[in-house]
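Have a look at the structure below before the remarks.
Any read-out appearing in this document is the output of simple, stated calculations on the displayed coordinates, not a laboratory observation. Keep in mind the model is a prediction, meaning the values are calculated, not measured. Neighbour counts run over all protein chains shown; Cβ positions are idealised from the backbone, glycine included.
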Amino acid sequence: MTTKKISKAIAKRGRPRGFELESALETAMDLFHRRGYDGVGIAELSKAIGVSAPSLYAAFGNKRSLFAKVLQCYVQAHGGWLPTALASEDTLEATMLSVFTQAAETYAANAEKPGCLIIDGTRNCTDAEAQQVTAGYRQATAQLIRDRILLTPALTAAAADSLANYAVTILVGLSGSARDGMDIDTLRTTAKIAAEGFAQALRDYLNAAPEQ
């Protein structure tokens, strides 16, 4: 759902006078990114956005719905690097090195908001439904990577699943490490080692594939 569609949906509920949708979502995004879903309450969100709690509920329904809309905007604003990297015409090995390296650089780009909101926004979260929202995005990421992997001839679906799961695990690790304070040079080195591991696993799968 685009920001424009979100705006129309909220308008139907009766957006409070003076309520700026994009500003509200940016403010909420900043808070959720810095402290995670559980670390931000409705009272703080309302104060930061500049509306009362009832007005916030009227506009977004509840905290979980606000978080879901924030994630939609986050993907639009910050998620384009992954599809672009995967669309490269380079070899799969080179493409995944680029994916892991860009992830390391993206996750460490802002020292005040490190990591990926989708990956880390519900880390240790107690709200199962909020966790399901971020899990859906991670599954979509795995599918994007799996689709790129399957462009390599001779790879089985099972091999693609395994390699895609490996890749997502690396992205999760890079995001968490950035959030925990790992410096960019170490993250880049880790990304390079991870890409070498991916390349070796890919070779193993290809060598084990039956001859056509």
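How many Å³ per residue does the convex hull of the Cα positions in the stretch 98-212 occupy?
Numbers: hull volume 11.1 nm³, N = 115.
Measuring per residue, one finds 96 Å³ for the Cα hull of the stretch 98-212.
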Tell me, in nm to one decimal, what length is gained between residue 152 and residue 203 on full extension, where the rule is 0.36 nm per residue of separation less the Cα-Cα distance? 17.2 nm
Unit charges at the beta carbon, dipole of the stretch 142-188: most positive-side option, 143, 165, 178: 143
Ranked by GNM mean-square fluctuation in the chain (Cα springs under 10 Å), the top entry among 69, 113, 47 is 47
What are the aspartates and glutamates whose alpha-carbon lies under 20 Å from the alpha-carbon of residue 47, with same-chain residues fewer than 8 places away excluded? 20, 22, 26, 30, 38
Can you pull the one-decimal nm distance between simple spin-label points at residue 183 and residue 109, each 7 Å off the Cα toward Cβ? 2.2
Would you mind telling me which residue in 53, 28, 103 has the biggest mean-square fluctuation in a Gaussian network model of the chain, where springs connect alpha carbons within a distance under 10 angstrom? 53
What aspartates and glutamates could a cross-link reach from residue 192, if we take a straight Cα to Cα line under 20 Å and drop same-chain neighbours fewer than 8 places away? 89, 90, 93, 105, 180, 183, 204
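From the P(r) of the chain, could you give the percentage of C-alpha pairs in the tail past 29 Å?
Value for the chain: 34 percent of Cα pairs lie more than 29 Å apart.
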Run the paramagnetic zone check for residue 64: 7 angstrom along Cα to Cβ, then residues of the stretch 114-137 with backbone nitrogen under 19 Å. 118-137
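Can you classify the stretch 100-150 as rounded, prolate or oblate using the Cα gyration tensor, where a ≥ b ≥ c are the square roots of its eigenvalues, rounded means a/c under 1.5, and otherwise it's prolate if a/b beats b/c and oblate if not? Could the numbers behind the result be given before it?
Details: a/c = 3.79, a/b = 1.05, b/c = 3.61.
Verdict is oblate for the stretch 100-150.
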